[in-house]
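Note sheet for the following structure.
The values are calculated or read from the model by the stated rules, or taken from the named source; none is laboratory data. For clarity, every value in this text was computed on a predicted model and none was experimentally measured. Positions of Cβ are backbone-derived with ideal geometry, glycine not excepted, and every protein chain shown enters the neighbour counts. Please note that ligands, DNA and RNA were not included when accessible areas were found on the heavy atoms of the full protein model with its side chains. Shrake-Rupley method; radii C 1.70, N 1.55, O 1.52, S 1.80 Å.
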Amino acid sequence: MKERLFPVLIDFGLAKVMETMDKNLTQSGEIMGAPAYMAPERLTHGYADARSDICSLGIMLYEMLAFKNPYLDQRSIHQTTQNVIEANPIPLHKLVPWLPPEVEAITLKAMHKDPLRRYQTMQEFREDLLRYQRGDRVLATPPSLVSRTRHGFRRHRLLVVSLVLAAFFSGLFLAYSYRQTIKEKSRWRQVYANDFAGPRALDNWEMAAAPAPRGAVQPAVVPEPPWSVRNGALHAGGAGVSFIRLDRLFMHDVRVEFDLSASQADLFDCGFFMCGQQPDSSYRFWVHQRGQSACGISYPESEFLFYEYDPSAFKSGSRYHVAIEKKDNIFTFFLNQVRIAQIPDYQIRLTQPFQTCGFFTRNCAVDIDNLRISRLSIPLLSGPLVIGDYSFERGDLSEALREYNEVLLDYPNADIAASILIKIAECKLRLRHFKEAQDALDLFEGSESKTKSDVCKALFLRQLLYKQEGDFAAADSVLRALYRRAPDDPATQTVLFRRMAAIADTAAGAPLFAANACVRQAADYKELLPSAVRLFGSVCRGMLAKGKFEDLVEPARAMASVSKASVQAFSMVNYWLGMILLNKGDKPRALDFFNQCTAVQYAGDMRWLAWMELAAIYECDNNNADAYASYRTIFSDCPPGLQIAWMARCAMAACAAQGVKEENIQAICDDIIKSDQPFPLPRLIAQLYDDRITPARFEERWRAIAPDDPLYAWYEANRAAMHADKPVAVRCLQSLRQQAAGNEWLCRQIDIRIQQLSHS
């Protein structure tokens, strides 16, 4: 009470009996009051004025809203003081989620640590509160990120500076490491590009065609060159076998990209060749070999395809973007960014005749555009072996040996010594210095720091040495050791894939040997199972055509036992077991095998081949309605990327001609001819059925595409029957029977068809 008459309300923490107070008790600068409610400048002896009271009022408002003082620490008044000076209060919206952001902004502005950032008068504070109540826009704004960051930096200055310096030097180290890594790596650099536009588009290109048969009449008019530039693209005419070669050498790793499209409608038996002067002696990258669905890579002097993609899941068409890469002795083939195949080969020929590349085609008109060729550049920071490797790649083995021996003298105990010995052994082997190659491999065995790839390469070279000596048992033993150590190593796969290609080359002259060899390879090396089963199917087709089905029974049973682990491989073997039984005349058991194939959802194209045979059996039983239904099921459910779907569509046209009137023959043929499918045989059959091509021209085209397949006569007979020309139909079937005399099942089909024509 002032003078016992007037009550004065003050902070009770400062309450005194004023009458008894000595005016000298309160000294200038003395801190009095509760620190948790004070402005920071009062605690730091700064200049205090009315704005300090506004800060205290803001702190009280904060506590009234959050039920929590923003700075109070019950354990220590010293910590409370530090909090007022340095700490940022917890944002109100985290404590009171329902609080409007405007109220939070007003509160934080009132209690801001910087007096200049607070309300400057109590009137401003009051007016902002009234604005909020009226729904007007308030002047206060939440503290900015810059403000919060600046305050945090002042509070933790030492830590922030330490982190910034650490980050700076770490960044310098990472940048230096990245720069060194870039220098040590090779990059693809474009070395040739051709869009085939302009008069000089074929400069540096050399074209060649297959020689004319002996005794052929020379044409009076010079024929059009097999390759030319037309409409801004490299065009192949499609008559016969031809290729065009780029007259440039590519010794190092190479990447090739181009667009390939059908000039007319069909796209088959064409592609790119590499590491050779002509396709037969090169690695060939096939697009739809022999007019079938499969694409892939074949080794030199071989046409057996290696591929890893599923043709039933691939969208076939008449245009592709092709990418081919040769890197570290591995060839990779892409179509429309789908990896088709990858094969390794440590036996690449190195001399200049085998360092060229080009395009080939076989009776197919194609257009090629946007050719880009890149090579893998030598890194800026190269190792000591770069000169020797460069000499090795260009085929100068003597120079490469000199370089490797020099480096070995300089680094006899280094980590690269083992790799150098492997390179020396390979050079000696290629130069046919077998004894010196053996000595280098023996030295390698005693060296230290051998990597897994070096050990595999050494085993690969040893098995080649044993083969040169004629010790095939020892070579096979080394191969088994190599396979046990690293089945996925390029050295292992080189031997396995080349062995499979060699077996394929014997299939024509020794089919039974090839069949048994397929079984052995599939049993010993599971990586070869898909290729072995496909080759086994090709052998079965050839032996069945010659009537040697009895010889196939035991190999087929053995292959079925080996292939049980793979659904697709097992279904393929079951299909051929069914075909063997059909040739033996055991139709009920054959039907069991075919039904097993059709019941498997993921059996690939074998499922649809089995469906085709079931439909053929219905036709032989004169059940054209069920045959048509089966062909329709194949066409509707089979992926359109498989040729089988379109052959089934052709069979639907033949059934329609025999009395099944669900569809018009012409409509079916139009569907096949106008489709975007790239397969030539279904389109050729449809053109014959629709009288868009003569039988003579049909036979000529068929023989060019599939020279070993006499079934063209079957389709000529169907076409004659459509025109009610039974004598011609019977004559065609009799001609086919003579050509396929050994094929029991086909002959039985022909006999039944002749009987049906005779009684219709």
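Points to keep in mind about this one:
The rows are residues; the columns are (1) under 24 Å from the mean Cα position of the chain (by Cα); (2) open to solvent by 50 Å² or more (accessible area, probe 1.4 Å).
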position	(1), (2)
L350	no, no
Q355	no, no
N363	no, no
I373	yes, no
P379	no, no
L385	no, no
Y390	no, yes
D396	no, yes
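Yes/no per residue for (1) modelled with pLDDT under 85; (2) not in a loop (DSSP other than H, G, I, E, B):
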| site | (1), (2) |
| --- | --- |
| D136 | yes, no |
| A140 | yes, no |
| S147 | yes, yes |
| V161 | no, yes |
| A167 | no, yes |
| Y178 | yes, yes |
| T181 | yes, yes |
| M207 | no, yes |
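- All conditions in (1) open to solvent by less than 30 Å² (accessible area, probe 1.4 Å); (2) closer than 21 Å to Y575 by Cβ; (3) in a helix (DSSP H, G or I) hold for I668, with the sole exception of (2).
- Number of positions in the stretch 288-316 that are open to solvent by 10 Å² or more (accessible area, probe 1.4 Å) and of a type in the set (G, A, S): 5
- One residue alone among P640, P678 is in contact with a strand residue (DSSP E or B) (Cβ under 9 Å, 6 or more places away or on another chain), touching a residue at least 60 places away in the same chain (Cβ under 8 Å), in a loop (DSSP other than H, G, I, E, B) and more than 20 Å from L746 (Cα to Cα), and that residue is P678.
- Within the stretch 70-92, residues that are under 10 Å from L43 (Cβ atoms) have Cβ atoms under 8 Å from residues that are surrounded by fewer than 17 Cβ atoms within 10 Å (Cβ to Cβ) and of a type in the set (S, T, N, Q) in these pairs: I85/T44, counting only partners at least 6 apart in sequence or on another chain.
- All positions within the stretch 406-454 that are open to solvent by 50 Å² or more (accessible area, probe 1.4 Å), of a type outside the set (A, V, I, L, M) and either assigned to a loop (DSSP other than H, G, I, E, B) or touching a Ser or Thr at 6+ places or on another chain (Cβ under 6 Å) (or both): Y411, P412, N413, D415, R432, H433, G446, E448, S449, K450, T451
- Remark: pairs (first residue in the stretch 394-421, without any contact (Cβ under 8 Å) to a residue 40 or more places away in the chain; second residue among the aromatic types (F, W, Y) and open to solvent by 40 Å² or more (accessible area, probe 1.4 Å); Cβ separation under 7 Å; 6+ apart in sequence or on different chains) = A417/Y411.
- Selection within the stretch 729-755 - outside any helix (DSSP H, G or I) and touching a Gly at 6+ places or on another chain (Cβ under 9 Å): A741, G742, N743
- A400 over 16 Å from E469 (Cβ atoms), in contact with a Lys or Arg (Cβ under 9 Å, 6 or more places away or on another chain) and at pLDDT 90 or above: yes
- Note on the stretch 71-131: enclosed helices (runs of 4 or more DSSP H) holding 3 or more residues that are of a type outside the set (F, W, Y) and farther than 17 Å from A39 by Cα are 92-95, 101-110.
- Of the residues F285, F243, F334, F258, the single one that is assigned to a strand (DSSP E or B) and free of Cβ contacts under 8 Å to residues at least 24 places away in the same chain is F334.
- Remark: D709 matches the filter, which requires a residue to be within 20 Å of A239 (Cα to Cα), at pLDDT below 95, assigned to a loop (DSSP other than H, G, I, E, B) and within 41 Å of the chain's Cα centre (by Cα).
- The residues in the stretch 231-261 that are of a type in the set (A, V, I, L, M), touching a Lys or Arg at 6+ places or on another chain (Cβ under 8 Å) and open to solvent by less than 20 Å² (accessible area, probe 1.4 Å) can be counted, and the count is 3.
- Hits in the stretch 503-562 - residues which are β-branched (V, I, T) and surrounded by fewer than 21 Cβ atoms within 10 Å (Cβ to Cβ): T506, V553
- Among the residues of the stretch 647-666, the ones that are modelled with pLDDT of 90 or more and out of contact with any Asp or Glu (no Cβ under 9 Å at 6 or more places or on another chain) come to 3 in all.
- Condition met for A713 (in contact (Cβ under 8 Å) with a residue 24 or more places away in the chain, crowded, with 17+ Cβ neighbours inside 10 Å and more than 20 Å from G659 (Cβ to Cβ)): yes
- The lone exception for G604 - which of (1) under 22 Å from Q289 (Cβ atoms); (2) open to solvent by 20 Å² or more (accessible area, probe 1.4 Å); (3) not β-branched (V, I, T) it fails: (2)
- Scanning the stretch 262-282 for residues that are crowded, with 21+ Cβ neighbours inside 10 Å and either in contact with an Asp or Glu (Cβ under 6 Å, 6 or more places away or on another chain) or free of Cβ contacts under 8 Å to residues at least 24 places away in the same chain (or both) returns no hits.
- The stretch 47-65, residues that are touching a Ser or Thr at 6+ places or on another chain (Cβ under 9 Å) and either open to solvent by 70 Å² or more (accessible area, probe 1.4 Å) or farther than 16 Å from Y119 by Cα (or both): L65
- Test: residue in the stretch 301-320 that is in a strand (DSSP E or B) and free of Cβ contacts under 8 Å to residues at least 60 places away in the same chain: no
- Of all the listed residues (A657, A704), the sole one being touching a residue at least 60 places away in the same chain (Cβ under 8 Å) and touching a Gly at 6+ places or on another chain (Cβ under 9 Å) is A704.
- Of the residues contained in the stretch 622-632, one or more are found to be of a type in the set (S, T, N, Q), modelled with pLDDT under 90 and open to solvent by 40 Å² or more (accessible area, probe 1.4 Å).
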